[in-house]
Structure formats: C-alpha cells, structure tokens
Amino acid sequence: MEAIVLDGATLTPAAVARVARDGAPVELHPAARERNESAQRAVKAVLARGDELYGASTGVGPLRAYRVDEGDRREHQIGLLRSHACGAGRELPEELVRAAMATRANQLGAGGAGVSGELLDALVGALNGGIVPVTRELGSLGTGDLTALADIALALLGEGFVRLDGSLVAADEALRDAGVAPGRLGPRDGLAFMSSNAVSIAHAALLVADARALLDTWLTVAALSFEAAGADPVVLDPRVHAGRHLRGQVAVAERMSELLSGVDGRPREPTKLLVQDPYPFRALPQVDGVVHEALTALDEVVTHELNFAGENALIVAADEVALANGNPHAAVLANAIDGLRTALAQSAALIAARVSSLLDTTLTGLPAFLALDPGPDSGALILEYTAHSSAAEVRSLVTPVAAQTVSVARGVESHASLAPIAARRAHEALDALRVLVAVELVAAVRALRLAGHEPVGAGARRLYVRAAAELSPDMHDRPLAPDIEAARALVP
C-alpha cells in the first residue's frame, strides 16, 4: 500500500481516513523533519538566552507563575504528561487514535513545536507498527486535547497500555517487539506534544469522509424515490438554481440530474393532476445543498488544521522566539462541525418526509402504505415511524456547542470551544442518519416493485440492482427490520 507522506503542509481528510481505516503506512517528509529540527534548535536558543518559556521554564495554566529550575525541566515534562493523563469514559476507537497520531505527526512537521527527533520517530514508528495507545474520550474541552495526547505520548515513551492487533499490551513490550525505539523528551516536549487538538481534528477529518460518502448515497436513494413516486425532475433544471448563486444547491441539483440521467419528465403519470410535487422532492436541492455547503466549509477548516502549527507557545524558528497565543482554542473547528450538524438535521427531516410521501397513495397512486391489500394489510406503514424516529434522533443531537462554555484553571482558560463534544455528536447524528437513509431505500425499492417500474436513471439504477438483490420481494405483512439492516449494509 502506498505510504501517506506527512509533509506538514498537504495532509487531507481522505488521507487521514486511509491511515486510520485502511492501515496505510506513513512517511515523514525530509522537509517536515527539518522544520521540526529547526524549531527544536530555536527552543534551545530561547532557553539558553534565559528567556522564560511557558511550560518549560514555568508551570502551566494557573501554575504558570511558578518557575521550573533548569535541572528539573526534563523531569517536569514527564510529570506534565503523567499528571494530564486523566481521560475517562469509553475507550477511543482504534481508528480515531490512529487518525490522531497521523494528524499530530503531520502538525509537528509544520515546525511550531520543536520536539525531539526521537519522540517524532517513535510516533511515526508506532503508527506504522500497528501500535495504538489506549486513551479515553472524556477530558478535552477543545482548548487542546490534553488528556488523550498525554496518553499517546506516554505510550511512545513506553508507559501505559496499547492495542496491538486488538489485544491489550504493555506499551514498552509492544514498542520492543515492533523494533520501535521509545521516545525521549526534550526540555519542553511534554507540553509541546499536548498543545494541539489533534484528536478532535482527526475526528472531524473522519466526519468529512463519512458525511461526503453518506450524502452521495442519500442523493442516490432520493433519485430512486423520485422514480418511485413519479416525481417531476423539472425541479432540477439548471435555470432554477443558477440565479441563486449557491454552490451547494447547484451541485446537488447537478448530481441529482446525473443520477436521473435518462429520465425525461415524470417517470410515470400520477393518477390525478399534480402541478407540482411536495417539498421532499421539490426542495431537495435547496435543503441538501446546505449540507453540501457545510461539508465544504468543514473540509476547508479541517484541511487547514491538519497542516497548522498551532502550539502554544509557537516557536518561530527563523527568529528564535516563542510567541504566546490562543491557537489551541478550536472555536473555528467547533463552529464548522456545528454548521454541519444543523444542516444534517434539516436534511434528515426532509428524508423522513419523503418516506411519508412514498407511503401516501394520494401522491403516488400506489396502494396506501405500499400494502398489497390496504386495510387487512398494513404494508410498510411502520416504516414512517422508524424514519421519523431516526430524524428526531438526528435533531436531538444538533444543539450547538457554541451555546455552552466553561471556565477552568482559575480563569486562565475562561472559555472553551468544546469541539470534541461537537465531533462526537456529529458522529452519532451520522449513525442515526444512516438508519434513516436505509429506511428510505427500503420504501423506495418496495414502491418501485409495486409500480412495476425498473429505474431508468443511470446512477440510481446501479443502487437499485444491488438493493433488489438484498431486499426480500415478499410484499405480504412481515417484519421489516431485516430489510432495514440489509439496506444499512448498502449505506457507507
């Protein structure tokens, strides 16, 4: 498998996903290594001048006024890592930890931290050796993922536990067996390694990959519903969308037109005159276009953060100075994730409404609730309940973290982004949305079968063939849960 090159400048969410999920190896680019080494020399120069350096010659947070003697600085760094290793709750998934490790290695290559080469090599070596430090999800406030990064750093030094091929192993043993030399801490490496939101950024990178794949799938399912309901694709006409100058709306309309390529007018005539279709079909580009826009915005933010030297203090190697800053505050990331979550909630409501439309005989001309014999048979009536339950679940997960904040460390950090919480809620929203898309797929395939209509749209037809092979053609009353689970397997 081709290695992902970590050059501190060009890492993408898609590349992070390959490392996290496909086990792609990573390779540190020489330029990234040189930037880190230049910053490391600058750290030594700052301390040699006798300048104060936060977290190296001083304590941290509310203890920043306390000085650390030169002879105690290396012990201070390991102490910082041990004292901050306080994550709690569920163990982070291995794929997320791998994503965070790749993210942090790339950020260090941007040259704002100046950690020891041994620590950076241990990070890359552990990642390539399949060594996954054990850490937990609760502890970060989005002003630096301190607890999780402390756990990761300690594992690179040979402390704590890691996952290796799924088994829990002592970190020192795993490093030794993989031939990875344990890291060594420089005069401020403990703080420098933790001074990042690498875990939250990595989580957001995986969200970008997942949401992009899910969006395309739900548009494909929507195309099947268009044909199943006999909806008019005139609403996708480029002239409708050009004047609004909204790239997301235009892009969604174009994608739907591709999926319905070959469909000319209504796929079949309704039983009564419909001048226009209901919003679940007519407003699809307008609503789902917002998801496209929000996803593009999040992609841009994440791509920047993956390649950003955001440490506090920031080491400017060329000038041999350390600049205090608030870059560990992840407000921009939290707000971008919040934007995506809100957009997902709007689309979830529209998808659920489209399921309702597919069950409505007055709109489709098909038997009520897609039953063989409406009345004695309930058909797919219950799908509407599951759809709206899933949509409600998505909506319940979109309260913006921007509406909350905290104050800690005696007011030194009197504001927090809570980006990791936003990322977790977004992940949960995508899980519920996958169920909802699966429900619509089941309803659309059932409606197409009752209509005796094979999809014409080239893009939609491919999914129909796969779904028809997995979903039972039996239209009699029976449990539909197996259909939904089979459909979920077709939703990425």
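Brief remarks on what is shown
- Convex hull volume per residue, computed on the Cα atoms of region 48-180, equals 119 Å³.
- Region 257-264 - phi-based ³J(HN,Hα) in whole Hz, Karplus 6.51/-1.76/1.60, Gly and Pro as x: 5, 5, 5, 9, 4, x, 8, 10
- Under 5 Å between amide hydrogens, built in the peptide plane, is the criterion, and for E137 it picks out A88, R90, L92 among residues at least 5 positions away or on other chains.
- Amide H contacts of I4: V26, E27, each under 5 Å away and 5 or more positions distant or on a separate chain (H built 1.01 Å from N in the peptide plane; Pro and chain starts excluded).
- Shown is the FRET efficiency for E470 and D72, computed with R0 = 60 Å from the Cβ-Cβ distance and rounded to the nearest 0.05: 0.40.
- Residues S38 and A178, FRET efficiency given R0 of 35 Å [Cβ-Cβ distance, rounded to 0.05]: 0.75
- In this view, the solvent-accessible surface of S407, computed with a 1.4 Å probe and all protein chains in place, comes to about 80 Å².
- Within region 90-125: backbone nitrogen closer than 12 Å to the A3 label point (7 Å, Cα to C-beta): 124-125
- Computed over region 353-492, the ratio Rg/Rh where both radii use C-alpha atoms and Rh is Kirkwood: 1.17
- The angle between the Cα long axis of helix 94-108 and the main principal axis of the chain comes to about 50°, on a 0 to 90 degree scale.
- Close amide H partners of V408, meaning residues 5 or more places away or on another chain with modelled amide H under 5 Å apart, are E413, S414, H415.
- Chain lengthening between R247 and A489 when straightened (0.36 nm per residue, less Cα-Cα): 84.1 nm
- Modelled label reach - E52, point 7 Å along Cα→Cβ, region 109-141 residues with backbone N closer than 15 Å: none
- Surface share of carbon and sulfur [accessible, 1.4 angstrom probe, percent] for region 87-230: 53 percent
- Modelled FRET efficiency - R0 22 Å, H304 with A14, Cβ distances, 0.05 increments: 0.90
- The mean of 1/r over all distinct Cα pairs in region 119-237, once inverted, gives the Kirkwood hydrodynamic radius of 17.1 Å.
- Sequence-ordered 3J(HN,Hα) estimates for region 30-36 from the Karplus curve with 6.51, -1.76 and 1.60 and θ = phi - 60° stand at x, 5, 5, 4, 5, 4, 5 Hz, glycine and proline given as x.
- Theoretical ellipticity at 222 nm over the chain - DSSP helices of four or more residues, -39500 (n - 2.57) apiece, nearest 500: -18000 deg cm²/dmol
- Highest-first arrangement of 113-120, 397-404, where packing means the average Cβ count within 10 Å: 113-120, 397-404
- Using C-alpha pairs below 8 Å separated by at least 6 residues, the relative contact order for the chain is 17 percent.
- Packing order of peptides 297-303, 324-330, highest average first: 297-303, 324-330 (average count of other Cβ atoms within 10 Å over each peptide's residues).
- Spread of Cα-to-Cα distances over 5 Å intervals beginning at zero, given as percent, for region 309-360: 5, 16, 12, 11, 9, 9, 8, 7, 6, 6, 5, 4, 2, 1
- Region 436-492: C-alpha gyration tensor shape, a/c 1.5 cut-off, then a/b vs b/c: oblate
- Alpha carbon Rg of region 248-371, scaled by the compact-globule rule 2.2 N^0.38 Å: 1.68
- If a spin label sat at a point 7 angstrom from the Cα of I382 along the line to its beta carbon, the backbone N atoms of region 439-474 nearer than 19 Å would be those of 439-447, 471-474.
- Summary value for region 240-330: 27 percent relative contact order, contacts being C-alpha pairs under 8 angstrom separated by 6+ residues.
- Region 281-339 - convex hull of alpha carbons, volume per residue in Å³: 72 Å³
- Each principal axis of the Cα cloud of the chain was evaluated for its coordinate range; sorted largest first, these ranges are 86, 49, 42 Å.
- Working note: Karplus 6.51/-1.76/1.60 with θ = phi - 60° gives region 150-158 the couplings 5, 4, 5, 4, 4, 4, 5, 8, x Hz, where Gly and Pro are set to x.
- Span per principal axis, largest first, for the Cα atoms of region 1-112 (Å): 47, 38, 19
The values are calculated or read from the model by the stated rules, or taken from the named source; none is laboratory data. Just so we're clear, the structure is a prediction, and the values are computed from it rather than from any experiment. Cβ coordinates were reconstructed from backbone atoms using ideal geometry, including for glycine residues, and neighbour counts include every protein chain displayed. These area figures cover heavy atoms from the full protein model, side chains too; ligands, DNA and RNA do not enter into them. Shrake-Rupley method; radii C 1.70, N 1.55, O 1.52, S 1.80 Å.
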